[in-house]
1. Going through the range 93-119 one residue at a time, which ones are crowded, with 22+ Cβ neighbours inside 10 Å and aliphatic (A, V, I, L, M)?
2. Inspect all residues belonging to the range 69-85 and state whether any of them is of a type in the set (Asp, Glu), within 25 Å of Val122 (Cα to Cα) and exposed (fewer than 14 other Cβ atoms within 10 Å of the Cβ).
3. Report those strands (runs of 3 or more DSSP E) wholly inside the range 12-124 carrying at least 1 residues which are at pLDDT 95 or above, out of contact with any His (no Cβ under 6 Å at 6 or more places or on another chain) and closer than 16 Å to Gln1 by Cα.
4. Can you tell me which of (1) surrounded by fewer than 18 Cβ atoms within 10 Å (Cβ to Cβ); (2) out of contact with any Cys (no Cβ under 8 Å at 6 or more places or on another chain); (3) closer than 14 Å to Gly117 by Cα is the one Val5 doesn't meet?
5. Any residue in the range 20-35 that's touching a residue at least 40 places away in the same chain (Cβ under 8 Å): show its pairings with residues that are among the acidic types (Asp, Glu) and surrounded by fewer than 24 Cβ atoms within 10 Å (Cβ to Cβ) at Cβ separation under 7 Å, as long as the two are six or more apart or on different chains.
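The values are calculated or read from the model by the stated rules, or taken from the named source; none is laboratory data. What you are looking at is a predicted structure, and each value in this text was computed from that prediction instead of being measured. Neighbour counts run over all protein chains shown; Cβ positions are idealised from the backbone, glycine included.
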Amino acid sequence: QVQLVESGGGSVQAGDSLRLSCTGSGRAFSTVGMGWFRQALGKEREFVAAITSNGIGKYYTDSVKGRFTISRDNTKNTMWLQMNSLKPEDTAVYYCAASSDANIRTAAATYNYWGQGTQVTVSS
(Lines give C-alpha, C1' and ligand atoms only; values in the text may rest on other atoms or scores of the structure.)
Protein backbone atom coordinates (compact mmCIF):
# COMPACT_ATOMS: atom_id res chain seq x y z
CA GLN A 1 0.00 0.00 0.00
CA VAL A 2 1.13 3.57 -0.74
CA GLN A 3 0.02 6.76 0.98
CA LEU A 4 0.62 9.95 -0.98
CA VAL A 5 0.80 13.58 0.12
CA GLU A 6 1.14 16.49 -2.31
CA SER A 7 2.54 19.92 -1.56
CA GLY A 8 3.77 22.98 -3.38
CA GLY A 9 0.60 24.42 -4.84
CA GLY A 10 -0.23 28.10 -4.68
CA SER A 11 -1.36 31.22 -6.51
CA VAL A 12 0.94 32.67 -9.16
CA GLN A 13 0.92 34.96 -12.17
CA ALA A 14 0.97 33.74 -15.76
CA GLY A 15 4.52 32.94 -16.79
CA ASP A 16 5.62 32.00 -13.28
CA SER A 17 6.83 28.61 -12.10
CA LEU A 18 5.81 26.19 -9.36
CA ARG A 19 7.16 22.84 -8.25
CA LEU A 20 4.77 20.29 -6.86
CA SER A 21 5.99 17.50 -4.63
CA CYS A 22 4.43 14.15 -3.89
CA THR A 23 5.82 12.14 -1.00
CA GLY A 24 4.87 8.53 -0.59
CA SER A 25 5.03 6.13 2.29
CA GLY A 26 5.30 2.40 2.00
CA ARG A 27 7.89 0.12 0.47
CA ALA A 28 5.96 -0.18 -2.78
CA PHE A 29 6.69 3.40 -3.88
CA SER A 30 9.79 2.49 -5.89
CA THR A 31 8.10 -0.39 -7.69
CA VAL A 32 5.21 1.45 -9.33
CA GLY A 33 4.75 4.05 -12.01
CA MET A 34 3.51 7.42 -10.84
CA GLY A 35 1.47 10.15 -12.40
CA TRP A 36 0.07 13.64 -12.06
CA PHE A 37 -3.52 14.48 -12.85
CA ARG A 38 -5.46 17.70 -12.54
CA GLN A 39 -9.08 18.69 -12.22
CA ALA A 40 -10.33 22.16 -13.00
CA LEU A 41 -13.57 23.43 -11.51
CA GLY A 42 -16.51 21.89 -13.33
CA LYS A 43 -14.33 19.65 -15.47
CA GLU A 44 -13.30 16.02 -15.40
CA ARG A 45 -9.98 14.91 -14.00
CA GLU A 46 -7.35 14.82 -16.74
CA PHE A 47 -3.96 13.22 -17.17
CA VAL A 48 -0.94 15.53 -17.00
CA ALA A 49 2.25 13.43 -16.81
CA ALA A 50 3.51 10.00 -15.87
CA ILE A 51 6.83 8.39 -15.01
CA THR A 52 7.96 4.78 -14.85
CA SER A 53 9.02 3.18 -11.57
CA ASN A 54 12.72 3.60 -12.40
CA GLY A 55 12.28 7.22 -13.46
CA ILE A 56 13.55 6.70 -17.00
CA GLY A 57 10.32 6.71 -18.97
CA LYS A 58 8.25 9.89 -18.99
CA TYR A 59 5.13 10.97 -20.84
CA TYR A 60 3.18 14.22 -20.97
CA THR A 61 -0.12 15.41 -22.25
CA ASP A 62 0.34 17.71 -25.24
CA SER A 63 -0.75 20.88 -23.48
CA VAL A 64 2.16 20.74 -20.98
CA LYS A 65 4.96 19.41 -23.16
CA GLY A 66 7.99 21.66 -23.02
CA ARG A 67 6.67 23.45 -19.93
CA PHE A 68 6.28 20.72 -17.27
CA THR A 69 8.85 18.17 -16.14
CA ILE A 70 8.11 15.09 -14.08
CA SER A 71 10.83 13.46 -12.00
CA ARG A 72 11.25 11.18 -9.01
CA ASP A 73 13.81 10.09 -6.44
CA ASN A 74 13.01 6.65 -5.07
CA THR A 75 15.58 7.04 -2.30
CA LYS A 76 13.40 9.86 -0.97
CA ASN A 77 10.04 8.33 -1.91
CA THR A 78 9.31 11.60 -3.68
CA MET A 79 8.05 12.66 -7.10
CA TRP A 80 7.99 16.21 -8.45
CA LEU A 81 6.25 18.17 -11.16
CA GLN A 82 8.20 21.24 -12.22
CA MET A 83 5.78 23.62 -13.91
CA ASN A 84 7.21 26.52 -15.90
CA SER A 85 5.56 29.17 -18.05
CA LEU A 86 2.29 28.64 -16.27
CA LYS A 87 -0.94 29.69 -17.98
CA PRO A 88 -4.38 30.50 -16.56
CA GLU A 89 -5.67 27.29 -18.14
CA ASP A 90 -3.31 25.33 -15.86
CA THR A 91 -5.48 26.35 -12.91
CA ALA A 92 -6.74 23.19 -11.22
CA VAL A 93 -6.38 20.89 -8.26
CA TYR A 94 -3.37 18.69 -8.96
CA TYR A 95 -3.27 15.10 -7.75
CA CYS A 96 -0.43 12.63 -7.64
CA ALA A 97 -1.18 8.96 -8.03
CA ALA A 98 0.52 5.58 -7.89
CA SER A 99 -0.35 3.13 -10.63
CA SER A 100 -0.88 -0.62 -10.61
CA ASP A 101 2.46 -1.48 -12.24
CA ALA A 102 5.87 -0.10 -13.17
CA ASN A 103 4.90 1.33 -16.54
CA ILE A 104 3.55 4.56 -17.99
CA ARG A 105 -0.20 4.82 -17.50
CA THR A 106 -2.48 7.63 -18.62
CA ALA A 107 -5.91 6.41 -17.55
CA ALA A 108 -7.01 7.36 -14.05
CA ALA A 109 -8.62 3.95 -13.62
CA THR A 110 -5.19 2.30 -13.74
CA TYR A 111 -4.03 4.19 -10.65
CA ASN A 112 -4.68 2.60 -7.29
CA TYR A 113 -3.60 5.27 -4.83
CA TRP A 114 -4.22 9.01 -4.83
CA GLY A 115 -3.11 12.00 -2.84
CA GLN A 116 -5.50 14.58 -1.47
CA GLY A 117 -4.68 17.20 -4.10
CA THR A 118 -3.07 20.63 -4.07
CA GLN A 119 -4.55 23.77 -5.61
CA VAL A 120 -2.72 25.63 -8.35
CA THR A 121 -4.16 28.98 -9.40
CA VAL A 122 -2.66 30.98 -12.26
CA SER A 123 -3.91 34.49 -12.86
CA SER A 124 -3.42 36.52 -16.01
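1. Across the range 93-119, the qualifying residues are Ala97, Ala98.
2. The answer is no, given that none of the residues of the range 69-85 is of a type in the set (Asp, Glu), within 25 Å of Val122 (Cα to Cα) and exposed (fewer than 14 other Cβ atoms within 10 Å of the Cβ).
3. Counting at least 1 such residues, we get 18-25, 34-39, 78-83, 92-99, 111-114.
4. Of the numbered conditions (1) surrounded by fewer than 18 Cβ atoms within 10 Å (Cβ to Cβ); (2) out of contact with any Cys (no Cβ under 8 Å at 6 or more places or on another chain); (3) closer than 14 Å to Gly117 by Cα, the odd one out for Val5 is (2).
5. Close Cβ pairs satisfying both conditions: Leu20/Glu6; Ser21/Glu6; Cys22/Glu6; Val32/Asp101; Gly33/Asp101.
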